[in-house]
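The values are calculated or read from the model by the stated rules, or taken from the named source; none is laboratory data. No experiment lies behind these values; they were computed from the predicted model shown. Because the Cβ atoms are built from the backbone with ideal geometry, glycine has one as well, and the counts that use them run over all protein chains shown. Areas reflect the complete protein model, heavy atoms only, side chains present, ligands, DNA and RNA absent. Shrake-Rupley method; radii C 1.70, N 1.55, O 1.52, S 1.80 Å.
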Amino acid sequence: VANCKVETDSGSLSYDYLVIAIGARWNWHKVSGSENAFSLSSYEQACKAKKAITSFSGGTICSIAAEGNRWEGPALETIFHAHAFLVERGMREGTALHYFTAKKRPFEELGAQVSELLEKELKKRKITLHTGTKVSKITSKEIEFLDGSKVASDISFLYPGYSGNQTLTGCGVTDFENFVLVDEHMRTMEVKNVFAAGDCVNSLSLKLGFNALSGATVAGENVAREILGKPLKKFVPKIVYVMELGVGEGLLINARLKAGKWEALTSR
């Protein structure tokens, strides 16, 4: 991306304005043996997970929000749904459920109220919470941690952290993790007339569908505003997230970023 041209494998394309929205990538490679874990991050992986859990006859199920994972929603929902699945089939007794997070408390960035609420929900379902854990290796039967400890696991769900799309490496618009650097207007900081939105942008917001859509709206509007010579709109990161707890239960998390910190409200 330079000199108002985009180089692709099928040739060079010229542009007057460009909006980058090419997503991000899961860092599976940072956890050894990640191929032994399941995830719900794609249709193909969800089908594999379904096959494994429907044939599950007892033992231990674990869900892991690995180091670098900034949004624990999917990992938490996985273990809550695993609990509901086992209850529905009369298999909950004698089956161990574990949730692992590299953070000090689940969703610690949203404040003590949210963390305490999630801790209570986990405890109510007898799901063992492990905090400050750093996974080093996953096998078909156990999870190993950097401190040398191990936990038996018959089914392991893994949600690693993100990195930006490597397609943009060397284009002059990304940080060291290949995320596109944008300002509060969703405009890149180095290249003229280039905006970005979605999971490919830097830490301006968490990787959520709500923020991807609202950020894309701001980016699109600002292209039109710049053409018309109007002041640009600012993107204000927000969190509007419904976390499923299973069996028709859920939590609504509504948060706003103020002075660099999230202020969150929750309701069941």
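Antiparallel as a % of all DSSP beta bridges within the chain, to the nearest 5? Don't skip to the answer; put the middle values down first.
Numbers: 32 of 52 bridges.
Bridges in the chain are about 60 percent antiparallel.
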Checklist entry - So what's the angle, to the nearest 10 degrees on a 0 to 90 scale, between helix 43-54 and the longest Cα principal axis of the chain? => result 10
Checklist entry - For region 133-268, what are the per-bin percents of Cα-Cα distances with bins 5 Å wide, up to the bin holding the maximum? => result 2, 9, 13, 14, 14, 14, 14, 10, 6, 3, 1, 1, 0
Item to check | Mean separation of Cα contacts under 8 Å, 6 or more apart, over the residue count of region 143-268: relative contact order % | outcome: 14
Checklist entry - Ignoring ligands, DNA and RNA, what percent of the 1.4 Å accessible area of the chain is carbon and sulfur? => result 53
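Order of 239-252, 75-88, 11-24 by packing, highest average Cβ count within 10 Å first? It would help to have the intermediate numbers written out before the result.
Numbers: 239-252: 15.6, 75-88: 20.6, 11-24: 14.1.
Answer by packing, highest mean first, reads 75-88, 239-252, 11-24.
Using only the alpha carbons of the chain, what is the convex hull's orientation-averaged projected area in square nanometres?
Numbers: hull surface 64.5 nm².
Approximately 16.1 nm², given one-decimal rounding.
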Item to check | C-alpha center-to-center spacing [region 181-199, region 1-66] in angstrom | outcome: 23
Next on the checklist: How large is the convex hull of the C-alpha atoms of region 47-99 per residue, in Å³?
Outcome noted: 80
Checklist entry - Which entries in the list K192/K230; K123/K261; K103/K261 go over 19 Å, if you measure between the two C-alpha atoms of each? => result K123/K261
Next on the checklist: With every atom except the alpha carbons ignored, what do you get for Rg and Dmax of region 194-249, in angstroms?
Outcome noted: 14.5, 52
Checklist entry - Taking K258 as the anchor, which lysines have their alpha carbon closer than 21 Å to its alpha carbon, excluding any fewer than eight residues away along the same chain? => result K207, K233, K234, K238
Checklist outcome for this item: For the chain, the longest principal axis of the Cα atoms and the Cα long axis of helix 112-124 enclose an angle in degrees, to the nearest 10, of 30
